[in-house]
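Below is one structure, written out as structure tokens; comments come after it.
No value in this document is a laboratory result; all are computed from the given coordinates. Keep in mind that this is a model prediction, so the values were computed, not measured. Cβ placement follows ideal geometry from the backbone for every residue including glycine, while neighbour counts extend to all protein chains displayed.
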Amino acid sequence: SSTVVTGISELVTCAGPDGATPVTDRSLPAAERLGVVRDAAVVVEDGRVAWVGPAVEAPAADDALDVGGRAVVPGFVDSHSHLVFAGDRSAEFAARMAGTPYDGGGIGVSVAATRAATDDELRGLLAARVADARALGTTTLEVKGGYGLTVEDEVRSLRLAREVTDETTFLGAHVVPPEAREDRAAYLDLVTGPMLAACAPLARWVDVFCEPNSPHAFTGEEARRVLLAGRDAGLGLRVHGNQLGPGPGARLAVGLGAASVDHCTFLDDTDVDDLAAAADTTVATLLPGVEFSTRMPYPDARRLLAAGVSVALASDCNPGTCNTASMPFVVALAVRELRMTAAEALVAATVGGARALRRDDVGRVAVGARADLAVLDAPGHEHLAYRPGMPIARALELD
Ligand code: NIG
Ligand code: FE
């Protein structure tokens, strides 16, 4: 059946002025790529967008839904989250606010709590986090494992993640777990051997925390090994890189044709040039909620955009470095702290996330795309940054 959505004061399609600009077209400034239609309507048929345009021209449909003069944007595509975890690290957060730097060591605390939780406890925690994200306008969500770090616990994490999304990521190489610290090589054998074999059927992606500045995470060589094994097992590649200091993550991601390198806080000029040259392949995903919650310097988004790098924004929601799945908050941070325009931030949080997940059926409101819409309790998308922390966005529920 079909529904015509009306009462849209401002529709942001993120699909260009003609509604069909390829997301790869970076010749257009973000403001134009936005594709704004005032007093718009959208016709949805069987979960897909069937028509987009001015309300006065809208064709008839079986049902009508009036959003009451609000803005409608593509639902957010949150391409980076770690939602399968138990436990609480608020004391670690408080210590950081008092000056203790983040080094990844707290991940072991979440691993212990996650292993100790029952399936139902984990499922309930995950469901609540997904519901929160959706209530804030997220309609596509990547979810990583990485707090189990045994074959059994990573399989369990990914099984649960698959109950809420198709975008699941194997992150057995999150850190070397405490019990394996004496023998990193044996842990890498496990991750690239039996753990990967058991997890690959449950995952679309493999990711690795490549961070020579943390004693808990992985070096460039170790990360390369994990990614190559993942690729052999049929998984797409993603990298956590350049979060805590300069490092090989971005270089590695570009070299292996990864879909995304995430964090990108400490990049040198060569990294930026590499990412710009690889803009059709590898997305630089910025996670400013992490810098907010770790008191680290923010990544230089303007430098990346000026160089022509493909930029996405995601939440990184996790118990350690950023315990929020709010994409409106991320957009507000991007505008305030990364000096992105509201248009650039919205594009990065929708089309950008879609590119980071190599999807073209989400992240824009265009004929044929999934009808994943977010309604803003506001006349225009600028309010996402203008009214930070207010419950402005929600996923539009049709049916
Ligand atoms: O993306 N950097 C590595 N992993 C997460 C943090 C995980 C944690 O501290 O629990 C991140 O920031
Ligand atoms: Fe992360």
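Highest mean first, the peptides 218-229, 314-325 sorted by other C-beta atoms within 10 Å per residue fall in the order 314-325, 218-229.
Annotation: amide H of HIS80 within the under-5 Å range of GLU142, SER315, ASP316, sequence separation 5 or more or interchain, hydrogens built in the peptide plane.
Among the trypsin sites (Lys or Arg not before Pro) within segment 246-344, those in coil by DSSP and having at most 14 neighbouring Cβ atoms inside 10 Å are ARG295, ARG339. Would segment 334-399 count as rounded, prolate or oblate if I go by the C-alpha gyration tensor, calling it rounded below 1.5 in a/c and otherwise prolate when a/b exceeds b/c, oblate otherwise? Because a/c hits 1.5 or more and a/b fails to exceed b/c, segment 334-399 counts as oblate.
Counting only DSSP beta bridges with both residues in segment 1-92, the antiparallel share comes to about 65 percent. A simple charge model with +1 on the Cβ of Lys and Arg, -1 on the Cβ of Asp and Glu and nothing else charged puts the dipole of segment 77-325 at about 260 debye relative to its Cα centre. Summary of the geometry: segment 260-300 and segment 34-61, compared by the centres of their Cα atoms, lie 35 Å apart.
When both bridge partners sit in the chain, DSSP labels roughly 45% of those beta bridges antiparallel. Here's how it looks for ALA64: its modeled amide H is under 5 Å from those of VAL4, which are all 5 or more places away or on a different chain. With neighbours defined as other Cβ atoms within 10 Å of a residue's Cβ, the residues LEU305, LEU196, LEU149 order from fewest to most as LEU305, LEU196, LEU149. Couplings for segment 182-196, taken from phi via the Karplus curve 6.51 cos²θ - 1.76 cosθ + 1.60 with θ = phi - 60°, read 6, 9, 4, 4, 5, 5, 5, 4, 5, 4, 7, x, x, 5, 4 Hz in order; Gly and Pro are left as x. Exposure proxy ranking for GLU397, GLU382, GLU163, GLU154, based on other Cβ atoms within 10 angstrom of each Cβ and starting from the fewest, stands as GLU397, GLU163, GLU382, GLU154. Modelled spin-label separation between ALA95 and ALA60, with each label point placed 7 Å from Cα along the Cα-to-Cβ direction: 6.7 nm. Which of the listed residues, ALA95, LEU136, ALA378, is farthest toward the dipole's positive end in the chain, when Lys, Arg count +1 and Asp, Glu count -1 at the beta-carbon? Among ALA95, LEU136, ALA378, the one farthest towards the positive end of the dipole of the chain is ALA95. Taken one residue at a time, the phi angles of segment 378-390 give Karplus couplings (6.51, -1.76, 1.60, θ = phi - 60°) of 6, x, x, 5, 4, 5, 4, 8, 6, 10, x, x, 8 Hz. Gly and Pro are set to x. For segment 189-319, calculate the relative contact order in percent as a whole number, restricting contacts to Cα pairs under 8 Å that are 6 or more residues apart. Relative contact order for segment 189-319 comes out at 18 percent. Helix 119-135 and the longest principal axis of the Cα set of the chain meet at an angle near 40°. For segment 140-267, the square roots of the Cα gyration tensor eigenvalues, ordered a ≥ b ≥ c, give a/c of at least 1.5 with a/b no greater than b/c, which places it in the oblate category.
Put in line by how crowded their Cβ is, counting other Cβ atoms within 10 Å and starting with the fewest, MET340, MET327, MET97 read MET97, MET340, MET327.
With the contact rule set at Cα under 8 Å and sequence spacing of 6 or more, what percent relative contact order holds for the chain? So the answer I get is 20 percent. In this label model, VAL367 and ALA277 are separated by 4.0 nm, measuring between points 7 Å along each Cα→Cβ vector. In this structure, the amide hydrogen of LEU373, modeled 1.01 Å from its nitrogen in the peptide plane, lies closer than 5 angstrom to those of GLY75, LEU396, counting only residues at least 5 positions away or on a different chain.
In this rough spin-label picture, where each label sits 7 Å from Cα along the Cβ direction, the LEU228-ARG123 distance is 4.0 nm. The HN-Hα couplings worked out from phi for segment 360-365 by the Karplus form 6.51 cos²θ - 1.76 cosθ + 1.60 (θ = phi - 60°) are 10, 9, 9, x, 8, 9 Hz, whole numbers, x standing for Gly and Pro. As a length-normalised measure over Cα pairs under 8 Å and 6 or more apart, the relative contact order of segment 11-119 settles at 20 percent.
Name the shape class, rounded, prolate or oblate, that the alpha-carbon gyration tensor gives for segment 77-325, where a ≥ b ≥ c are the square roots of its eigenvalues, rounded holds for a/c under 1.5, and otherwise prolate holds if a/b is larger than b/c and oblate otherwise. It comes out rounded by the Cα gyration axes.
Helix 151-162 and the longest principal axis of the C-alpha atoms of the chain enclose an angle of approximately 0°. Using the charge dipole of the chain (Lys, Arg: +1 at Cβ; Asp, Glu: -1 at Cβ; taken about the Cα centre), state which of GLY234, GLY35, PRO319 has its Cα farthest towards the positive end. The Cα lying farthest towards the positive end belongs to PRO319.
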